[in-house]
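First the structure, in the form of structure tokens, and then the observations on it.
The values are calculated or read from the model by the stated rules, or taken from the named source; none is laboratory data. These numbers come from a predicted model, not from an experiment. FYI the Cβ positions are ideal-geometry reconstructions off the backbone, even for glycines, and counts take in every protein chain you see. What goes into the accessible areas is simple: the full protein's heavy atoms, side chains included, and nothing from ligands, DNA or RNA. Shrake-Rupley method; radii C 1.70, N 1.55, O 1.52, S 1.80 Å.
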Amino acid sequence: MTDKAGTPAEPDGPTGDGAEPSRADADATGAGSGPDPAPGGAEESGAEEGSDAGTDGPANASPHRRHWLRWAALGTSVVVLAAAGTGWWLYRKLDGNITTDTSAAEELRAYEKERPTALVTDAQNILLLGSDTREGEGNDRYGKDEDGSQRSDTTILLHIAGDRRSATAMSIPRDLMVTIPSCGRPDGKRTRAQTAQFNWAYQFGGAACTIRTVEKFTGIRVDHHMVIDFRGFKDMVDAVDGVEVCLAEPIDDKAARLKLRAGRQTLHGEEALGFVRARKTLGNGSDTERMERQQQFLGALVKKVQSNGVLLNPTRLYPVLDAATKSITTDAGLDSLKDLYDLTRALRNVPTEKVQFLTVPRQPYHLDPNRDELVQPEASELFERLRADTEVAVVPEKEETDRGAADGASPGPTPTFSGTNAAEGMCE
């Protein structure tokens, strides 16, 4: 007989407690070899009590105790194997949720010579795209894609510092006027190079066209990209039991399917999505204000994830990973659970005050005030600092204005950019 490891199993002993073995049994097991026992059975007594010769180990334990130990070992083995099997099943499930974007890699390889060179190998730049596609379960309620097209509703370039002590998320306005290169379309045709609003790049040629556009006007090498749809965002918010926001006044936005009271409250999936997408009836109705609201909400989400210990608690981390992996499309460098775990681990120990959010410096486009253009040289300076992985100081807009007025707007050794960080939250 062998156990799970293939080693010989110990033969069963007598079933009665304290039963003495017969001479035949003793001879068969070797118990009868050697000197005869001393009168009075002293050696037998010592063997059972384990008092004289260190014979209290499992091999010399009582038959009843050996029987119990074998069952304990078997039970432990079953539990370990079951846990390992469950863990492997969960890993495979999460790993299988992720969709890989192979077409983007092909397009980027074809234009490798045009792409900028990474200056710091340990730093990472990840392009996060919030797609407004109506494909996928539950997404059609937000409208129909008449021609099947989609645009990047939200675009953020996430820079993770090489020392893993800070992370900067730079929002790119959807209406920013940029030069979009010639891009391959899904139907095999190519677009012409043209000046157009930024979010057209995703409609023209998906993630690859967007990456090439970003690299062209920033000079920053994009290492990875990740596309998440409406449903994925909602599920992630629900997985952390909602995110708290504070509203100065009530909201009633029919286009975003959003109706909220004023004051402090916790938003869950559907309401959270409406809150970050709403534009027409909130504030001045600009995309600029919507981006600021998105940054504040994402900061609050990061803060909640870190403060609740989600990243260190497997039972709380699994729903977040399940929600995230179901609705994301990534490049081949991030398309496994291990890759995403490594990314999460890189961000886990970044202090919330060092998780910064800002928008690329922009102003109304000189040919159309409903569009944006870059503010120079501020934009180029920001791009260069991210590319070189040097410090980026982000301060609230009011604080930046006050500081400029106090020092006569003279540039300091470290330029500051208007934004927020995850430590501030939305109700501070």
In the range 191-206, anything in contact (Cβ under 8 Å) with a residue 60 or more places away in the chain and not in a helix (DSSP H, G or I) is listed as 197
Exception for residue 63 within (1) modelled with pLDDT of 70 or more; (2) surrounded by 11 or more Cβ atoms within 10 Å (Cβ to Cβ) falls at (1)
Might you check whether a residue that is among the basic types (Lys, Arg), open to solvent by 40 Å² or more (accessible area, probe 1.4 Å) and modelled with pLDDT of 80 or more occurs anywhere in the range 280-300?
-> no
Filtering the range 87-129 for residues that are open to solvent by 50 Å² or more (accessible area, probe 1.4 Å) and of a type in the set (Asp, Glu) leaves a count of 4
Out of (1) at pLDDT 85 or above; (2) open to solvent by 20 Å² or more (accessible area, probe 1.4 Å); (3) within 20 Å of residue 290 (Cα to Cα), the odd one out for residue 171 is which?
-> (2)
Filtered residues of the range 179-195 (kept if open to solvent by 10 Å² or more (accessible area, probe 1.4 Å) and among the aliphatic types (A, V, I, L, M)) | 193
Across the range 228-267, which residue is nearest to the chain's Cα centre (by Cα) among those that are under 18 Å from residue 319 (Cα atoms) and in a strand (DSSP E or B)?
-> 228
Residue 188 vs (1) out of contact with any Leu (no Cβ under 8 Å at 6 or more places or on another chain); (2) outside any helix (DSSP H, G or I); (3) closer than 24 Å to residue 277 by Cβ: all pass except (3)
Of the criteria (1) of a type in the set (A, V, I, L, M); (2) open to solvent by 40 Å² or more (accessible area, probe 1.4 Å); (3) part of a strand (DSSP E or B), which one residue 347 fails = (3)
Does residue 260 satisfy being modelled with pLDDT under 75, in contact with a strand residue (DSSP E or B) (Cβ under 8 Å, 6 or more places away or on another chain), open to solvent by less than 70 Å² (accessible area, probe 1.4 Å) and within 23 Å of residue 231 (Cβ to Cβ)?
-> no
What about residue 339, is it at pLDDT 80 or above and either under 30 Å from residue 218 (Cα atoms) or surrounded by 20 or more Cβ atoms within 10 Å (Cβ to Cβ) (or both)?
-> yes
Which members of the range 207-227 meet the condition of being in a strand (DSSP E or B) and crowded, with 21+ Cβ neighbours inside 10 Å?
-> 225, 226, 227
Which condition breaks for residue 324 when tested against (1) open to solvent by 60 Å² or more (accessible area, probe 1.4 Å); (2) modelled with pLDDT under 80?
-> (1)
For the range 180-228, how many residues meet the condition of being aromatic (Phe, Trp, Tyr) and farther than 26 Å from residue 123 by Cα?
-> 2
Any idea which of (1) crowded, with 21+ Cβ neighbours inside 10 Å; (2) at pLDDT 85 or above; (3) within 30 Å of residue 336 (Cα to Cα) is the one residue 245 doesn't satisfy?
-> (3)
